[in-house]
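The values are calculated or read from the model by the stated rules, or taken from the named source; none is laboratory data. Values in this document were obtained by computation on a predicted structure and should not be read as measured data. Cβ sites come from the backbone with ideal geometry, for glycine too, and all protein chains shown count toward neighbours.
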Amino acid sequence: MTKSPLLSLPGAVPAEGPDEGVAAHYGDLFREQRALADGTGFVDLSHRGVVTVSGADRLPWLHLLLTQHVENLPPGQATEALILSAHGHIEHALYLVDDGATTWMHVEPGTQGPLLAYLESMKFFYRVETADATDQFAVVHLPAGSITEVPAEWVVRETPYGREVFVPRDRLEDFAAQAGPPIGVLAHEALRIEAHRPRLGLETDHRTIPHELGWLDTAVHLQKGCYRGQETVARVQNLGRPPRRLVFLHLDGSEVRLPGHGTEVRVATEGEDGRAVGTITSSARHWELGPIALAVVKRNTPERATLLAENTAATQETVVAP
């Protein structure tokens, strides 16, 4: 576990679970969310894994392994990609950018080791070099609209949600000092959930396929083949329907406790508990929307049905159409 030096900043409260090692918040969760939505401050994501791929064949080689079309990825253009099992189940989620000489990616904390092992096993005769750069570089999120200046030589992923900067670890504290107020990962997660963006290890399990989470829109190129799991992607897209679907939930605000990851979701039925249809995958308290969540439910769950997460009533917004 990589522990951030920014946990020494005033008010920092350590995060738990998959975000252990950075701050959950700095004393005022809703103020931090408002600042992030307004384009100020920064989020310390230095616990995330950083992997680099260099060499003349890096993009054609990655193109053969990933769900995304990256063979001719222009320098500076951000993209997302998945690595699937032979059966089409999601194993890794990668957030990439190429600087013209090296492909940079950040991944979920602790997954860089298994990812590198897989990449190394697939090198064969290709002119590529892979490396775990987590000890040398830290990821910092700057929200959309941020005016924080980033040195020209640093690698940046420009996304609709802001910039993800690969900061040299020995410059992390200096960069944080001039990047504005620190914002914890709980605020970052609340805005991620609001935007319906899935996260590996939370929205996924051992049998998740991309269609269930809406990742076809951002991380899968349906006109390319020749990657592991492609047959499942094509078959479900052309002939079938995914067994589950991602939904966004507005939770009853009268409950004090948020339903945690893995909480059973049922259809609310008058006079009885109702049938189980899925589980909560992520939940948060949002500064404007109140308590919100993402859940993965059975495909045939009625879209207008009121759901129950334990005893908390929830109304749905469709993310992946049934």
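Counting only residues that are touching a helix residue (DSSP H, G or I) at 6+ places or on another chain (Cβ under 9 Å) and part of a loop (DSSP other than H, G, I, E, B), which one in segment 174-192 is surrounded by the most Cβ atoms within 10 Å (Cβ to Cβ)?
To start, the set of residues in segment 174-192 that are touching a helix residue (DSSP H, G or I) at 6+ places or on another chain (Cβ under 9 Å) comprises 176, 180-191.
Those left that are additionally part of a loop (DSSP other than H, G, I, E, B): 180-181, 184.
Values: Gly180: 17, Pro181: 15, Gly184: 27.
The qualifying residue surrounded by the most Cβ atoms within 10 Å (Cβ to Cβ) is Gly184.
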Restricting to segment 147-173, what's the tally of residues that are within 23 Å of Gly11 (Cα to Cα) and part of a loop (DSSP other than H, G, I, E, B)?
1
Is at least one residue of segment 66-76 surrounded by fewer than 19 Cβ atoms within 10 Å (Cβ to Cβ), touching a strand residue (DSSP E or B) at 6+ places or on another chain (Cβ under 6 Å) and assigned to a strand (DSSP E or B)?
no
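Here is a yes/no grid of residues against (1) among the β-branched types (Val, Ile, Thr); (2) exposed (fewer than 15 other Cβ atoms within 10 Å of the Cβ):
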site	(1), (2)
Leu239	no, yes
Val277	yes, no
Ala284	no, no
Thr301	yes, no
Val319	yes, no
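When residues of segment 244-257 are filtered for being surrounded by fewer than 18 Cβ atoms within 10 Å (Cβ to Cβ) and either modelled with pLDDT of 95 or more or touching a strand residue (DSSP E or B) at 6+ places or on another chain (Cβ under 6 Å) (or both), how many remain? First the steps, then the outcome.
First, the residues of segment 244-257 that are surrounded by fewer than 18 Cβ atoms within 10 Å (Cβ to Cβ): 250, 252-257.
Cutting the leftovers down to either modelled with pLDDT of 95 or more or touching a strand residue (DSSP E or B) at 6+ places or on another chain (Cβ under 6 Å) (or both) gives us 250, 252-253, 255.
Count: 4.
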Please enumerate the residues belonging to segment 18-41 that are farther than 20 Å from Glu194 by Cα and without any contact (Cβ under 8 Å) to a residue 60 or more places away in the chain.
Gly27
Return the pair list, or none, for Cβ contacts closer than 8 Å from residues in segment 98-115 that are closer than 21 Å to Trp154 by Cβ to residues that are assigned to a helix (DSSP H, G or I) and among the aliphatic types (A, V, I, L, M), at least 6 apart or on different chains.
Asp98/Leu59; Thr103/Leu59; Thr103/Leu62; Val107/Leu115
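Going by the conditions given, is Gly214 over 13 Å from Val320 (Cβ atoms) and not polar (S, T, N, Q)?
Numbers: over 13 Å from Val320 (Cβ atoms): no; not polar (S, T, N, Q): yes.
So Gly214 fails the test.
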Among the residues of segment 223-243, is any more than 26 Å from Leu96 (Cβ to Cβ), in contact with an Asp or Glu (Cβ under 8 Å, 6 or more places away or on another chain) and either of a type outside the set (A, V, I, L, M) or assigned by TED's automatic domain parsing to the domain that holds Arg304 (or both)?
yes
Pick from segment 87-146, criterion of a type in the set (Phe, Trp, Tyr) and in a strand (DSSP E or B), ranking: nearest to Val22 (Cα to Cα)
Phe137
Given the conditions (1) part of a loop (DSSP other than H, G, I, E, B); (2) small (Gly, Ala, Ser); (3) farther than 27 Å from Gln230 by Cα; (4) touching a helix residue (DSSP H, G or I) at 6+ places or on another chain (Cβ under 8 Å), every one holds for Gly11 apart from (4)
Phe124 meets each of (1) within 26 Å of Pro160 (Cα to Cα); (2) modelled with pLDDT under 95 with one exception, condition (1)
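Report the residue count in segment 81-103 for those that are closer than 16 Å to Glu212 by Cβ and of a type outside the set (Gly, Ala, Ser).
Filtering segment 81-103 for residues closer than 16 Å to Glu212 by Cβ gives 82, 84-85, 87-91, 93.
If we keep only those that are of a type outside the set (Gly, Ala, Ser) too, we end up with 82, 84, 87, 89-91.
Matching residues across segment 81-103 total 6.
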Name every residue in segment 202-217 that is on the phi < 0 side of the Ramachandran plot and not in a helix (DSSP H, G or I), in order of residue number.
Leu202, Glu203, Thr204, Asp205, His206, Arg207, Thr208, Ile209, Trp215, Leu216, Asp217
If you take the residues of segment 157-168 that are touching a Leu at 6+ places or on another chain (Cβ under 9 Å) and more than 12 Å from Phe137 (Cβ to Cβ), which of them is surrounded by the fewest Cβ atoms within 10 Å (Cβ to Cβ)?
Tyr161
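What tally of residues in segment 218-260 results from selecting those that are part of a loop (DSSP other than H, G, I, E, B) and either more than 16 Å from Ile280 (Cα to Cα) or without any contact (Cβ under 8 Å) to a residue 60 or more places away in the chain (or both)?
Keep residues of segment 218-260 that are part of a loop (DSSP other than H, G, I, E, B), which gives 218-229, 240-243, 252-260.
Okay, now just the ones that are also either more than 16 Å from Ile280 (Cα to Cα) or without any contact (Cβ under 8 Å) to a residue 60 or more places away in the chain (or both), so 218-229, 240-243, 253-260.
Looking only at that region, the number is 24.
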Scanning segment 84-118 residue by residue, those under 14 Å from the mean Cα position of the chain (by Cα) and of a type in the set (A, V, I, L, M, F, W, C) turn out to be Ile90, Ala93, Leu94, Leu96, Met105, Val107
Reported set for segment 265-304 where residues are hydroxyl-bearing (Ser, Thr, Tyr) and in contact (Cβ under 8 Å) with a residue 12 or more places away in the chain is Thr279, Thr281, Ser282, Ser283, Thr301
